[in-house]
Amino acid sequence: MEQIGYKLTTQDLTTHAGFQWSLGKEVQASGKGKLCTEGWLHYYRHPLLAVLHNPAHAAIEDPRLFECCVNGEVKHDGWMKSGCSQLTLTKEIDLPVVSEEARVRYAIACALQVRHTTMF
């Protein structure tokens with residue numbers, strides 16, 4: 001079932017290990033193994049998640065943001081990140097601007113969520 005996702009790239013449309021993306025070209029992976037391995041194509045489920053998680057995940061300086069078509073096998077790590085076995089960049093979209101205050105509020109909310117789920 002086709003879904004919409006969001007993918008960050010460098011200015012020259014590359015990602016991890018220099019992988020080259022092209023607008024409109026489907027890329028495939030096996031959809032096997034753990035997320036963050038060659039078996040999965042990384043994407044986010046919302047543009048704000050891409051921006052907020054970039055420093056911890058890819059740390060792409062001056063990124064570009066693309067809407068993408070997600071197909072095939074899909075795997076999620078909560079709302080932190082997602083992977084799929086088929087991904088196509090469909091169009092470039094504006095990168096959301098997130099204030100420093102909003103980033104801090106988000107970080108606190110994430111920390112509180114972790115605290116509540118790991119307490120015993």
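The values are calculated or read from the model by the stated rules, or taken from the named source; none is laboratory data. Please read all numbers here as calculations on a predicted model, not as lab measurements. Note that we place each Cβ from the backbone using ideal geometry, even for glycine, and neighbour counts take in every protein chain shown. When the accessible area is computed, the model is the full protein with side chains, heavy atoms only, and any ligands, DNA or RNA have been set aside. Shrake-Rupley method; radii C 1.70, N 1.55, O 1.52, S 1.80 Å.
Annotation: MET80 fulfils all but one of (1) modelled with pLDDT of 95 or more; (2) within 11 Å of the chain's Cα centre (by Cα); the unmet one is (1). What tally of residues in region 13-33 results from selecting those that are within 30 Å of ARG105 (Cβ to Cβ) and either open to solvent by 40 Å² or more (accessible area, probe 1.4 Å) or not polar (S, T, N, Q) (or both)? So the answer is 1. A Cβ distance below 7 Å, combined with a sequence gap of six or more or placement on separate chains, defines the contacts here; from region 59-72, residues that are charged (D, E, K, R) reach residues that are in a loop (DSSP other than H, G, I, E, B) in the pairs ASP62/GLN11; ARG64/GLN11. List, please: which pairs have Cβ atoms under 7 Å, are six or more places apart or on different chains, and start with a residue in region 97-111 that is closer than 9 Å to LEU52 by Cβ and end with one that is open to solvent by 60 Å² or more (accessible area, probe 1.4 Å) and at pLDDT 95 or above? From region 97-111, the pairs are VAL98/LEU48.
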